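Worksheet: one structure, shown below.
The values are calculated or read from the model by the stated rules, or taken from the named source; none is laboratory data. Since the structure is predicted, the reported quantities are computational estimates derived from the model, not experimental observations. Because the Cβ atoms are built from the backbone with ideal geometry, glycine has one as well, and the counts that use them run over all protein chains shown. What goes into the accessible areas is simple: the full protein's heavy atoms, side chains included, and nothing from ligands, DNA or RNA. Shrake-Rupley method; radii C 1.70, N 1.55, O 1.52, S 1.80 Å.
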Amino acid sequence: MAEILRAVKGMNDIFPASVPRKASETLPTSNLWQWFEQTARSVLQRYGYQNLMTPIVEPTALFVRGIGEVTDIVEKEMYSFEDSMNGDRLTLRPEFTAGIVRAIIEHNALYNGPLRLWSTGPLFRHERPQKGRYRQFHQLDVEALGFTGPDVDAEQILLTRTLLRELGLKEGEHVRLEINSLGQLAERAAHRAALVTYFEANADLLDEDSQRRLKTNPLRILDSKNPSMQAMVDAAPRLMDFLGAETLAHFDAVRAVLDAVGLEYRINTRLVRGLDYYNLTVFEWITDQLGSQGTVCGGGRYDGLIEQLGGKPAPAVGWGLGIERLLLLLEAVGVVPPEQAPDVYAVVGGDEGRVSAMVAAEALRAAGLSVLQHAQGPEGLPSLKAQFKKANASGARFALVFAGEELARGMVGLKPLRGGESAQVERPLNDVASWVAELRNA
Ligand code: ATP
Ligand code: MG
């Protein structure tokens, strides 16, 4: 037999629950994924957000300029390559925001006013694969462009709360909200200067990574998870103490909305987010259920990015939710998606049954019902009894039987499969409309 090829490390196949998977598989099923997408679409629609689709491949320079040269993503996580046809430097997108901002600028899309947009799809980061961390992963990404806030900042946080709630997660129990304000550029510069002075005075306590960051991106030292540095990092100057009146008023206005709707949050002054472009409001939804992969959803304001990427200055705010991580959390806390069984399973006897069943199934599907028809395998059509077993296993509410002398008389057998033993009845095949209502969800 030919050699078996395997998926690229850190990139996954997402199967339906009913299909066998290798024993080591820990990924969520496509059933859960589809239900998540449906729920998300419904919530986004109710908040007035519209879909934008951008390419998976973008010029490498977009991410270097947009995300920042000294970030984990640009330094070591990007899948970059040369287009063998023309030598262009290209990158598989590691996040959504830069591509969305590029598209907005390229199409002058804010010409008629601000926009509320969402995207979803695969992202790529060359990280060490582990549960909740992959090399191809997926996000739901939501952006509002052209609004100065604070109302739209609060709106986006409320949107995330609605989504998490409708997926069955409980605030306080399964997820909790943390917020912070990163202030404006000048405030951050003053804080940064104080930090550098402080870290320089404590240089003997810095590990190798932090020594390097002190020269490139001292703020990232605050992200360090090295326990021997924790006490020193905890005592470092706090950005909060450098924020001016306008920034604080913006932050207070966001908090006032959260308070008014009774959404509990913790102000985490250490919350800085991994990317350089954030200012003012930042937030994360955290869980304790997924080990060190605790951030399910995070985002904030990035008022400088559009100008930084060459567009006419415009404010923006957005967030990304890691879909695999969220689905793992749903599984961990026992959320199950609504059942997706067919309404009807068509049991077929021989060639005449096959054609009649297909004709009737088309009429039923046109009427909005889902119909699974037993189709022939390498051994031909199995016995009616064997097909009935499949019908029961499928979870369908009804079996329709296209076989035997009933079929010869132009009739189909209708048998309820749930709620105890009930007799099979007959219905006319040439008049599906007269009995289709019986098959609808009671
Ligand atoms: P982390 O600190 O966990 O690396 P991050 O700050 O790099 O997260 P963001 O760039 O803010 O993450 O992306 C938003 C969300 O996308 C994260 O909160 C997480 O849920 C998800 N995410 C990020 N990287 C991965 C990955 N490699 N695999 C799976 N999900 C991811
Ligand atoms: Mg990361």
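For the cross-link pairs 22/131; 9/225; 131/170; 22/389; 9/131, the ones whose C-alpha atoms lie over 18 Å apart are 9/225; 131/170; 22/389.
In this rough spin-label picture, where each label sits 7 Å from Cα along the Cβ direction, the residue 225-residue 431 distance is 6.9 nm. Charge tally for residue 339 (other residues, Cβ to Cβ under 12 Å; Lys, Arg +1; Asp, Glu -1): +1. For residue 131, put the label point 7 Å out on the Cα→Cβ axis and report which residues of region 325-360 keep their amide N under 18 Å from it. Residues passing the 18 Å test: 325-336. Projecting the Cα positions of 179, 20, 142 onto the charge dipole of the chain (unit charges on Cβ atoms of Lys, Arg, Asp and Glu, taken about the Cα centre) puts 20 furthest along the positive direction. Normalised per residue, the accessible area of region 344-441 is 54 Å², obtained with a 1.4 Å probe and no contribution from ligands, DNA or RNA. Let me make sure I get this right: for region 344-441, a, b and c are the square roots of the gyration tensor eigenvalues over alpha carbons, sorted descending. Under 1.5 in a/c it's rounded, otherwise prolate if a/b > b/c, else oblate. Which is it? Here region 344-441 falls in the rounded category.
Expressed as a whole percent, the accessible area of the chain that falls on carbon and sulfur atoms is 53 (1.4 Å probe).
The shape of region 1-147 comes out oblate: with a ≥ b ≥ c from the C-alpha gyration tensor, a/c is at least 1.5 while a/b does not beat b/c. Once you reduce region 124-144 and region 195-269 to the center of their Cα atoms, the two points are 25 Å from each other.
A cut-off under 15 angstrom between Cβ atoms defines the neighbours of residue 50, and their net charge, with Lys, Arg +1 and Asp, Glu -1, is 0.
Take the convex hull of the alpha carbons in the chain; its mean projected area over all directions comes to 29.2 nm². Which of the GluC sites (Glu not before Pro) across region 333-413 are loop residues per DSSP, with 15 or fewer other Cβ within 10 Å? Passing both the DSSP loop test and the Cβ count: 339, 379. Please work out whether region 240-299 counts as rounded, prolate or oblate from its C-alpha gyration tensor, where a ≥ b ≥ c are the square roots of the eigenvalues and a/c under 1.5 means rounded, while otherwise a/b larger than b/c means prolate and anything else oblate? Since a/c reaches 1.5 but b/c is at least a/b, the shape of region 240-299 is classed as oblate.
When the alpha carbon coordinates of region 340-398 are projected onto the principal axes, the ranges are 31, 24, 16 Å, largest first.
Phi angles across region 7-24 convert, under the Karplus curve 6.51 cos²θ - 1.76 cosθ + 1.60 with θ = phi - 60°, into 3J(HN,Hα) values of 5, 4, 3, x, 10, 10, 9, 10, 9, x, 4, 6, 9, x, 9, 4, 4, 7 Hz, Gly and Pro given as x.
Rounded to the nearest 20, the Cβ-based charge dipole of region 107-195 about its Cα centre (Lys and Arg +1, Asp and Glu -1) stands at 520 debye.
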